[in-house]
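To keep things clear, I will list the structure first and then write my remarks on it.
The values are calculated or read from the model by the stated rules, or taken from the named source; none is laboratory data. Owing to the predicted nature of the structure, the values given are computational and were not obtained by experimental measurement. FYI the Cβ positions are ideal-geometry reconstructions off the backbone, even for glycines, and counts take in every protein chain you see.
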Amino acid sequence: MIDPDVRRRIEGMAEQANRFAASVQDLTAEGVDDTGLVRVTCAPGGRLVDLDLAAETRRMQTYELREAILAAAGRATDAAGANLAGMVAQVTGSADGYGTDAVRQAREQVARYQRLVDEQRQRLEQLRGDPGRS
């Protein structure tokens with residue numbers, strides 16, 4: 001049986017992980033090209049979420065528009081990635097001592113249980129080898 005304190009810590013870490021996963025799903029960032037005519041919203045992996053083209057972009061050459069979209073998308077992706085890195089640092093930073101402590105305690109408890117099992121196994125082997133011994 002797991003120590004109640006360790007169980008609470010593990011449950012807290014699981015809750016924190018669930019909150020983190022939910023917030024990552026909604027994470028986006030915006031990027032704008034140098035002219036300010038193209039605005040892109042991207043997720044951390046670069047998935048394009050939204051694209052806003054100002055009316056003035058109609059007068060742009062296709063290669064200019066392409067470059068503006070790529071620049072805005074690159075900036076949005078970089079910003080989303082930086083936001084994600086910040087979130088990860090916040091979660092791991094705040095959980096670092098707490099999380100590693102809970103993991104360490106869980107490992108220690110598993111090791112204690114393993115030692116008990118090994119001791120019982122040795123006693124059983126001793127009893128099998130010498131039935132008159134108790």
Contacts under 9 angstrom Cβ, first residue in the stretch 103-126 being surrounded by 10 or more Cβ atoms within 10 Å (Cβ to Cβ) and part of a helix (DSSP H, G or I), partner at pLDDT below 70 and not small (Gly, Ala, Ser), 6 or more apart | GLN126/ARG133
Could you pull out the residue among THR77, THR62 that is hydroxyl-bearing (Ser, Thr, Tyr) and either touching a residue at least 60 places away in the same chain (Cβ under 8 Å) or surrounded by 13 or more Cβ atoms within 10 Å (Cβ to Cβ) (or both)?
-> THR77
Among residues of the stretch 33-52, those that are over 13 Å from the mean Cα position of the chain (by Cα) and either assigned to a loop (DSSP other than H, G, I, E, B) or at pLDDT below 80 (or both), counted | 9
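Listed residues ASP5, ASP34, ASP50; which is touching a helix residue (DSSP H, G or I) at 6+ places or on another chain (Cβ under 7 Å) and surrounded by fewer than 13 Cβ atoms within 10 Å (Cβ to Cβ)? Please lay out each step first, then the result.
Working: ASP5 fails: touching a helix residue (DSSP H, G or I) at 6+ places or on another chain (Cβ under 7 Å); ASP50 fails: touching a helix residue (DSSP H, G or I) at 6+ places or on another chain (Cβ under 7 Å).
Among ASP5, ASP34, ASP50, only ASP34 is touching a helix residue (DSSP H, G or I) at 6+ places or on another chain (Cβ under 7 Å) and surrounded by fewer than 13 Cβ atoms within 10 Å (Cβ to Cβ).
Can you tell me which residue among GLU30, GLU56 is in contact (Cβ under 8 Å) with a residue 40 or more places away in the chain and either among the aliphatic types (A, V, I, L, M) or not in a loop (DSSP other than H, G, I, E, B) (or both)? So that I can check it myself, show each step before the final result.
Details: GLU56 fails: in contact (Cβ under 8 Å) with a residue 40 or more places away in the chain.
Going through GLU30, GLU56 in turn, just one is in contact (Cβ under 8 Å) with a residue 40 or more places away in the chain and either among the aliphatic types (A, V, I, L, M) or not in a loop (DSSP other than H, G, I, E, B) (or both): GLU30.
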Residue that is modelled with the highest pLDDT [pool: residues in the stretch 9-31 that are closer than 17 Å to ALA79 by Cβ, of a type outside the set (Gly, Ala, Ser) and in contact with an Asp or Glu (Cβ under 9 Å, 6 or more places away or on another chain)] = GLU30
